[in-house]
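Read the structure below first, then the notes.
The values are calculated or read from the model by the stated rules, or taken from the named source; none is laboratory data. The structure displayed is predicted, hence computed values, not measured ones. Note that each Cβ is placed from the backbone with ideal geometry, even for glycine, and that neighbours are counted across all protein chains shown. What goes into the accessible areas is simple: the full protein's heavy atoms, side chains included, and nothing from ligands, DNA or RNA. Shrake-Rupley method; radii C 1.70, N 1.55, O 1.52, S 1.80 Å.
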Amino acid sequence: CFKCHGGDKDSGSLRVDSREALLKGGDTSPAIVPTTSGSRARSIASAKISGSGEVGAFLTRLNARLDELPRRLRGRATGDLVLLSHTMDDITQGMLNSDFTAFVTIYLTLALLLTSFRIGLYALLPNLIPVAVYYGALGLTGTPLNLSTSLIGAITLGIAVDDTVHYFARFALEARRLGDERKATVGTLRAVVRPVTFTTVGLCLGFLALTASELRNQVEFGLLSALTM
């Protein structure tokens, strides 16, 4: 509860009555802190929200109320919560941009390897599945997107591409050697299924070791990585 008093019309200054700018409930810390010149004032408030979605909705409502201030007054939301919300928005946008760039690059690489744009598109599908699983797991489990969990998509995509290139490179060799695509498929699976499987199992166990951590973000990173693998 506070009153803002308009200052000189020419200077456009703002004076705040500090006696009426105190928080209720016996707290003597001012909710409104004016500057020395009186042209600006800072309103301090606490919030019990942390998710980027909740923060974004709150800031939308707050900015709408700030726009309703009298013409001579202007307000702007600042603070760690606002900065964190903007950071997470930038991370999300960066993930989408990097995923798109990675998929285009992978598709062109596979198309050159297989000398066919159509078959390169088919070969891209196995790389889309683990990334789709990752984003789906984020939504189903309610795991927050943070600096740790945002790395999982790129890590998974890199490993999936590595397995895909191993498989199709071996398949191309077997197909030329045997002259039969069905036999080449069987021979390729026999050659690569064991190393790919053991590598994946080893990675899952390694990521699951992070679940012993006392830090929640590391536990979420380990579980989600192992599930996606």
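Things to note:
- Here the peptides 164-172, 187-195 are ranked by packing, the mean other Cβ count within 10 Å, and the order with the highest first is 164-172, 187-195.
- Check: the stretch 171-229 dipole with +1 on Lys, Arg Cβ and -1 on Asp, Glu Cβ, in debye: 340 debye
- Sorted largest first, the spans of the alpha carbon positions of the stretch 106-167 along the three principal axes are 41, 17, 16 Å.
- Solvent exposure of the stretch 78-229 amounts to 62 Å² per residue of accessible area, where only protein heavy atoms count and the probe is 1.4 Å.
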